[in-house]
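Participant: Provided herewith is a single structure, encoded as structure tokens, for subsequent inquiry.
Throughout, read-outs are computed from the coordinates displayed, never taken from laboratory work. In this text, all values refer to a predicted model and were calculated from it rather than measured experimentally. Using ideal geometry, Cβ is built from the backbone for each residue, glycine included, and neighbour counts are taken over all protein chains shown.
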Amino acid sequence: MRRLFFIGILVAAISSAAIAGVVLYRNTGLSDAQLAVARSLSLASLPKFRPDPSNAVGDNADAIELGALLFNDTGMSADANVSCATCHLENRQFQDGLQFAQGIGNTTRRTMPLRGVAYQSWFFWDGRTDSLWSQAISPIESAVEHGFTRSQAAFHVIATYRDRYFRLFGLLPELADIPPASPLGTKPSRQTGSLCAKIFATTSTGSL
Ligand code: HEC
């Protein structure tokens, strides 16, 4: 008898869950075709991940670890207070919930969530970048985000992650005498920027 009672409760629980499911489904007010479109947009519907052929270290565990350290490193900003994680918060699908992102200064755009970003072909609200690795330099050199230059970033990476970096990408030339360099900066800093690009292109492994 006792057994029957428990089975009864179980059946009742299952049927009310099923009814609730149907009601929930009906309450969306969406047609089957619309629901199918909505489901296709879910991260759970993404196909098996295909490695990026333009990134030689994309699946390298050491590079992934270095990337995570850099993502959270406030040392790569003008006031040593801003990292990628300042705006891209892991517990908020890597966005910040603000109307406009705030870094060194106030930006005029909303932070984008980064969940599933590895599957995208275009990045930023205006799609101005076509690879994840090449987009990363723009927040670093934005005056209102990290407020840094690429030469400062190179100094910081070598000073802080020297061995990890060299193991992955090979040796870099001595950087100590290179002045600030950025394509977004003053004329001398733009000229140094293109000189740096030439030095790095000829001395690095070219794996990036
Ligand atoms: C000050 C806040 C802020 C910081 C710091 C920041 N981001 Fe962002 N991120 C944004 C905003 C705002 C956008 C949209 C920018 C745009 O469209 O111009 C964005 C967009 C992106 C995107 C594009 C996502 C998509 O779906 O297209 C990626 C990837 C990204 N950020 C990664 C990074 C990385 C990596 C760093 C660190 C090197 C970083 N961000 C630092 C605010 C920030």
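Participant: I'm a student and want to see the number: the projected area of the Cα convex hull of the stretch 57-203, averaged over all directions, in nm².
Facilitator: Mean projected area of the Cα convex hull: 9.2 nm².
Participant: Next question, about the same structure. How many nm is it between the label spots at residue 65 and residue 186, if each spot is 7 Å from the Cα in line with the beta carbon?
Facilitator: 4.1 nm
Participant: Could you calculate the contour length gain from residue 138 to residue 30, that is, 0.36 nm times the residue separation minus the distance between their Cα atoms, to one decimal place in nm?
Facilitator: Stretched fully, the residue 138-residue 30 segment lengthens by 34.9 nm.
Participant: Same structure, new question: Along the Cα→Cβ direction, 7 angstrom out, place labels at residue 128 and residue 108. What is the inter-label distance in nm?
Facilitator: 1.1 nm
Participant: Right, another one. Provide the per-residue ³J(HN,Hα) series for the stretch 153-160, in order, calculated from phi with Karplus coefficients 6.51, -1.76, 1.60 and θ = phi - 60°, each as a whole number of Hz, with x at glycine and proline positions.
Facilitator: Running phi through 6.51 cos²θ - 1.76 cosθ + 1.60 with θ = phi - 60° gives 4, 5, 4, 4, 5, 5, 5, 9 Hz.
Participant: Same structure, new question: Would you grab the residues whose amide H sits under 5 Å from the one on residue 95? Only those 5+ places off in sequence or on another chain, please, with H modelled 1.01 Å from N.
Facilitator: 89, 114
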